[in-house]
Amino acid sequence: MGFLRIRTTVDERPGRLASLASALAERGGNILGLSVQSDTDGTVDEFVADIPANPETVREALEAAGGRNVLVAPATAHELTDEPTRALLLASRLRTAPWRLPELLAELLRADDARWVYGDAVSDLPDPTLLVVPVAAKRAVRLRRAELPFTLTEAARAASFVRLAQPPAEQEAAESAVKLSDGSEVVIRTLTPVYREAVRDLHDRCSPESRRFRYFTALPSLPPRMFERLCDRRRGHSLIAGNDGQVVALANLVFTADPGIAEMAFLVEDRWQGRGLGSTLARTLVRQARDLGYAEVRTSMLADNVRMRRLLVSLGATLVYTDDPGVVEGRLPVGVLTSA
């Protein structure tokens, strides 16, 4: 018998996890630990199992059960420690010795190596066995783990852990005045129920095309239930931009079931488009996502939404096609903006 750490990417379909568990059970495996993580290629299931089968046999069994990119590595009994408890203990150690950040990050992610990097070396690396965690504009911790590539969820954990070693972030002002590229000025505020009528008027003034780009349908008005969800701070963070007593834009950061990912969307009144307002709101939302511990912000958009595609590319996002040929997804790591 031996402990194995097993990781496989799966399609998000009902019963897929049960198929993998059954495949391990048929090889005499006893699952002692399980985590579900997010990554760019799909959902990643990770098991710690006590199993008599050799790693190659385990890999073949999981591939036959529908797993993709199956990786099997030796594990130890020490890795059976309750993960939330282990993370909290490491956080406590970090608070008393923040200079040990690389060492403790390595323990958190079970990395083979962790070290400070400076200057240009802080930029993201394409190798999935390397993870660069920004700490400041020109300083980061680079982690290496040869046998198991890092997932997006682990990147989010690392980013949140680093925040514990940093001074408290300055609180976002309740409102902030921003001057746009054409010299006009807007005031950005947090969305609250008091702006219900102003947001309704924003929808009335927007063209059907602008509403279609935001909601994938020319939604004539914002349903009350949807407005309440956008105001709910447990579900996400929403902002409005105002000028001369009117709300001229609405921006939403929506939390998802994926612990490393948040989604953002915008509705900008037609006459305010092309002035840099969308870019300003996007940068504000990405900063909020960073402070909340997210590693990546995603945006789903219609393929013919050229303005939104250009905005995301200008911010450093990667555009990928989805299963729907009419929908494109933009993926923006928070470090692209916050480490610059």
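The values are calculated or read from the model by the stated rules, or taken from the named source; none is laboratory data. Computed from a predicted model, the values in this text were never measured in an experiment. Methodologically, a virtual Cβ is constructed for each residue, glycine included, from the backbone with ideal geometry; neighbour enumeration extends over all protein chains shown. Remember, those area values only see protein heavy atoms, side chains included, never the ligands or the DNA or RNA. Shrake-Rupley method; radii C 1.70, N 1.55, O 1.52, S 1.80 Å.
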Exercise. Please specify each residue of region 33-50 satisfying the condition of being surrounded by fewer than 16 Cβ atoms within 10 Å (Cβ to Cβ) and touching a residue at least 24 places away in the same chain (Cβ under 8 Å).
Key: SER35, THR40, ASP41, GLY42
Quiz item: Could you list, in sequence order, the residues of region 261-291 that are touching an Asp or Glu at 6+ places or on another chain (Cβ under 6 Å) and open to solvent by less than 30 Å² (accessible area, probe 1.4 Å)?
Solution: ILE261
Practice problem: Give the residue, chosen from VAL247, VAL268, that is at pLDDT 95 or above and over 19 Å from ASN305 (Cβ atoms). | Solution: VAL247
Practice problem: For residues that are part of a strand (DSSP E or B) and within 16 Å of LEU71 (Cα to Cα), scanning just region 3-30, find the one that is most open to solvent (accessible area, probe 1.4 Å). | Solution: PHE3
Practice problem: Report whether or not THR318 is at pLDDT 90 or above, open to solvent by 10 Å² or more (accessible area, probe 1.4 Å), under 22 Å from ARG189 (Cβ atoms) and in contact with a strand residue (DSSP E or B) (Cβ under 6 Å, 6 or more places away or on another chain). | Solution: no
Quiz item: When you scan region 231-259, how many residues do you find that are touching an Asp or Glu at 6+ places or on another chain (Cβ under 6 Å) and open to solvent by less than 10 Å² (accessible area, probe 1.4 Å)?
Solution: 1
Self-check item: Members of region 304-315 that are open to solvent by less than 30 Å² (accessible area, probe 1.4 Å) and over 28 Å from LYS138 (Cβ atoms)
Solution: ASN305, MET308
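Out of the residues in region 191-212 that are out of contact with any Asp or Glu (no Cβ under 8 Å at 6 or more places or on another chain) and touching a residue at least 40 places away in the same chain (Cβ under 8 Å), state the one that is most open to solvent (accessible area, probe 1.4 Å).
Going through the qualifying residues, I end up with ARG212.
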Exercise. Filter region 220-230 for residues that are open to solvent by 30 Å² or more (accessible area, probe 1.4 Å) and in a helix (DSSP H, G or I) and give the result.
Key: PRO224, ARG225, MET226, GLU228, ARG229
Practice problem: Identify the residue in region 57-99 that is of a type in the set (Ser, Thr, Tyr) and open to solvent by 60 Å² or more (accessible area, probe 1.4 Å) and, among all such residues, is farthest from PHE150 (Cα to Cα). | Solution: THR96
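Going by the structure shown, is ARG307 over 23 Å from SER221 (Cα atoms) and modelled with pLDDT under 95?
Considered against the rule, which asks whether it is over 23 Å from SER221 (Cα atoms) and modelled with pLDDT under 95, ARG307 comes out as no.
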Quiz item: Out of the residues in region 111-129 that are at pLDDT below 90 and closer than 27 Å to ALA75 by Cα, which is least open to solvent (accessible area, probe 1.4 Å)?
Solution: THR129
